[in-house]
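A quick write-up on the structure given underneath.
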Amino acid sequence: MSRYGTIPTSSSTGGGAPLGGASPLDFISRAKARGASVLATRQPWRELGDVHAIGLPPSLGDAYLRVRANLAHFAMNYAIVVLVVVFLSLLWHPVSLIVFLVCMLAWLVLYFLRDEPLVLFGRVVADGYVLAALAVVTLGLLLLTDATANILSSLLIGLVLVVLHAALHKAEDNADDEVGRWYAPVPQQTSH
């Protein structure tokens, strides 16, 4: 197959497979750089645990705005918290823990650390399909390990912790940082 008009890159391979022709060291170095950039979106834990920023919201609307801003601002931190809660709940279920770790490895390789599109049978697979497939496979495999109640309760506990913190953490400092990143503000309409 000719490749006229294409610009070769250092990470492209002859067969078009994202991992096919690259050496393991090249993949590890790219994965390390990609992992560092993903973790760079994490906010400092000191900011997340600041007790001076905790307070009851004055209204339900303000609580919603706080949750929205904090979920965007602390997204990586919250994901880590939920994963740690699930991991800790699986310590008493070794088979589920092994399945969880294998699934996490699959998530890292196929979704988080991948910097090229996934190609199956010569077709590019969209990230949304990869995300959906990984989520279904992970949940299905974990539910097959007879730790269903444990997994669902730990996910619920993690989500309650995240939403509770997001509602109580004053988001005035970080709300302006997230404008344009996750949502666009609604402009105020002037009355004539």
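Quick notes
- Using 0.36 nm per residue and subtracting the Cα-Cα separation, the extra length available between Tyr64 and Val95 on full extension is 7.3 nm.
- Spin-label proximity, Glu47 to region 76-111 - amide N less than 14 Å from point 7 Å beyond Cα toward beta carbon: 76-78
Each value in this text was obtained by applying a stated rule to the coordinates, not by laboratory testing. Quick caveat, the model's predicted, so the values are computed rather than measured. Glycine also receives a Cβ, built like all others from the backbone with ideal geometry; neighbour counts cover every protein chain displayed.
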